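Here the structure comes first, spelled out in C-alpha cells, and everything after it is commentary.
The values are calculated or read from the model by the stated rules, or taken from the named source; none is laboratory data. Since the structure is predicted, the reported quantities are computational estimates derived from the model, not experimental observations. FYI the Cβ positions are ideal-geometry reconstructions off the backbone, even for glycines, and counts take in every protein chain you see. The area values use the complete protein model at the heavy-atom level, side chains included, leaving out ligands, DNA and RNA. Shrake-Rupley method; radii C 1.70, N 1.55, O 1.52, S 1.80 Å.
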Amino acid sequence: MTNVLETVRTYFATRRQIRKREAELNRELAAYDTPSARMDMEAILARHSSHEAREIEAILRRHALNGMLRNHS
C-alpha cells in the first residue's frame, strides 16, 4: 500500500511541475504578440526539428487564435 501511495504522490507532484512549466512557458510566449515578434520566434523555431518546436508552435497558435477571438467579439 505504501508503494501505491508513493506512486500516486509522485504522479501528482510531477503533474504539478509540468503544469507550472507550461504556465511559465505560456506567459513567456505571450510576449510574442506582434507580427514582427512572431516572425522572430518562427525564425528561431525553424532552426529546430518539428518535434522540438511542436509545443511552442501549439502555444503560439492558441495565442494567435485567442487574439483573433478577442478582436472580433
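List the residue pairs whose Cβ atoms are under 8 Å apart, where the first residue sits in the range 44-62 and is of a type in the set (D, E, K, R), the second is in a helix (DSSP H, G or I), and the two are 6 or more positions apart or on different chains.
Listed by first residue and then by second, the contacts come to Glu55/Leu25; Glu57/Leu45.
Out of all the residues in the range 40-52, which are open to solvent by 50 Å² or more (accessible area, probe 1.4 Å) and under 14 Å from His63 (Cβ atoms)?
Listed by number, the list holds a single entry, Glu42.
Since Arg15 meets every condition but one in (1) within 22 Å of Ala64 (Cα to Cα); (2) in a helix (DSSP H, G or I), which condition does it not meet?
In the conditions (1) within 22 Å of Ala64 (Cα to Cα); (2) in a helix (DSSP H, G or I), Arg15 misses (1) alone.
For Tyr32, are the conditions met, namely being open to solvent by 60 Å² or more (accessible area, probe 1.4 Å) and either part of a loop (DSSP other than H, G, I, E, B) or among the polar types (S, T, N, Q) (or both)?
When the stated conditions are applied, Tyr32 passes them.
Okay, residues lined up against (1) modelled with pLDDT under 95; (2) in contact with a strand residue (DSSP E or B) (Cβ under 6 Å, 6 or more places away or on another chain); (3) not aliphatic (A, V, I, L, M):
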| position | (1), (2), (3) |
| --- | --- |
| Ala30 | yes, no, no |
| Met39 | yes, no, no |
| Arg47 | no, no, yes |
| Glu52 | yes, no, yes |
| Leu60 | yes, no, no |
| Ala64 | yes, no, no |
| Gly67 | yes, no, yes |
| Ser73 | yes, no, yes |
